[in-house]
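Visitor: I'd like to ask some things about the structure below.
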């Protein structure tokens, strides 16, 4: 259980739950895509947004797990709008198919939550790096929705305080480099990239005049499936840090509440209307590392990512 409860300017704290930060908010008429929604933070995010009336599209790899989560949500909220769509973020073909299917469905898109993440102890290389491509594939749909419905689109990217433990030097020196691979630094680099991506996306959208915000967040130190296969982390979580770690399974409903609080806060709370390019923690603006605020580094990552995805 998270022991610190000091409230920030938002009126919420580290002990606030996803239900608390969205209490009284009617999300009816909004549609959100949530990646990685089969467990942990993603599942709780889907549950709470659906509870508030948002039409939730669970973008997941495992359809069976997705269906199970959907059924759990419907048991609690029978009139919830929840759909499951397959998406493997390690496959460009899967991303393209998902985007094409979504666009052809005619569904609007108000909220895009990039929640899926992985912490791998071994070096793994997929064919393409496509998180940037996934977000940009849906920008036109979001722009159309925000323009036609006169609503603000929101892109939320789940990062981590782990971004402070990234490799030093140029990003391109370490991305896809097996010889220098360290799973802690690699994870930190991916989380640093999340923040830089959100910042550059926010800058470009603002420059274009689009009514879409982009923010990143630290969900808290969460005991989730992210650490599966990492015995040392499990020991630390269970024996030493259990009073400092947010447990997504201990609070409200089958998925918990604290871990998804900041994500849900950024998704539908009116207090962050118009706020873009921010880094949040415990449902409040927070200060990321100096590298995470480096605009030149953000531009370098953007261009490098476009090259990896074949987008230029």
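Visitor: Given the conditions (1) in contact (Cβ under 8 Å) with a residue 12 or more places away in the chain; (2) more than 18 Å from the chain's Cα centre (by Cα); (3) farther than 24 Å from residue 21 by Cβ, report the number of the one that residue 84 does not fulfil.
Guide: Residue 84 satisfies all of (1) in contact (Cβ under 8 Å) with a residue 12 or more places away in the chain; (2) more than 18 Å from the chain's Cα centre (by Cα); (3) farther than 24 Å from residue 21 by Cβ except (2).
Visitor: Is it the case, given these coordinates, that residue 276 is closer than 28 Å to residue 47 by Cβ, part of a helix (DSSP H, G or I) and either touching a helix residue (DSSP H, G or I) at 6+ places or on another chain (Cβ under 7 Å) or at pLDDT 85 or above (or both)?
Guide: Taking the combined requirement at face value, the residue does not satisfy it.
Visitor: Out of all the residues in segment 18-46, which are in contact with a helix residue (DSSP H, G or I) (Cβ under 6 Å, 6 or more places away or on another chain) and closer than 20 Å to residue 109 by Cβ?
Guide: The answer is 22, 25, 27, 32, 34, 36, 37, 45.
Visitor: Would you pick out the residues in segment 124-140 that are touching a strand residue (DSSP E or B) at 6+ places or on another chain (Cβ under 9 Å) and at pLDDT 80 or above?
Guide: Selection gives 139 alone.
Visitor: Residue 103: in contact with a helix residue (DSSP H, G or I) (Cβ under 7 Å, 6 or more places away or on another chain), surrounded by fewer than 18 Cβ atoms within 10 Å (Cβ to Cβ) and modelled with pLDDT of 85 or more, yes or no?
Guide: For residue 103, the condition - in contact with a helix residue (DSSP H, G or I) (Cβ under 7 Å, 6 or more places away or on another chain), surrounded by fewer than 18 Cβ atoms within 10 Å (Cβ to Cβ) and modelled with pLDDT of 85 or more - is met.
Visitor: Then there's this: When you go through 216, 190 one by one, which is the residue that is outside any helix (DSSP H, G or I) and modelled with pLDDT of 60 or more?
Guide: 216
Visitor: If you don't mind, there's one more thing I want to ask. Within segment 296-312, how many residues are loosely packed, with under 15 Cβ neighbours inside 10 Å and either assigned to a loop (DSSP other than H, G, I, E, B) or at pLDDT 95 or above (or both)?
Guide: Residues that pass the stated criteria total 3.
Visitor: Then there is this: Those residues that are in contact with a strand residue (DSSP E or B) (Cβ under 8 Å, 6 or more places away or on another chain) and either closer than 9 Å to residue 195 by Cα or assigned to a helix (DSSP H, G or I) (or both), I need them from segment 149-159; list them, please.
Guide: If the condition is that a residue be in contact with a strand residue (DSSP E or B) (Cβ under 8 Å, 6 or more places away or on another chain) and either closer than 9 Å to residue 195 by Cα or assigned to a helix (DSSP H, G or I) (or both), then 157, 158, 159 are the ones that fit.
Visitor: Residue under question is residue 211, and the condition is that it be at pLDDT 95 or above, under 18 Å from the mean Cα position of the chain (by Cα) and over 16 Å from residue 305 (Cβ atoms); does it hold?
Guide: So residue 211 does not fit the description; no.
Visitor: So which helices (runs of 4 or more DSSP H) are wholly in segment 4-97 and hold at least 2 residues that are surrounded by 20 or more Cβ atoms within 10 Å (Cβ to Cβ) and at pLDDT 95 or above?
Guide: Fully inside segment 4-97 and qualifying: 40-51, 63-76.
Visitor: Since residue 291 meets every condition but one in (1) at pLDDT 95 or above; (2) not in a loop (DSSP other than H, G, I, E, B), which condition does it not meet?
Guide: Here residue 291 meets the rest and fails (1).
The values are calculated or read from the model by the stated rules, or taken from the named source; none is laboratory data. These numbers come from a predicted model, not from an experiment. Methodologically, a virtual Cβ is constructed for each residue, glycine included, from the backbone with ideal geometry; neighbour enumeration extends over all protein chains shown.
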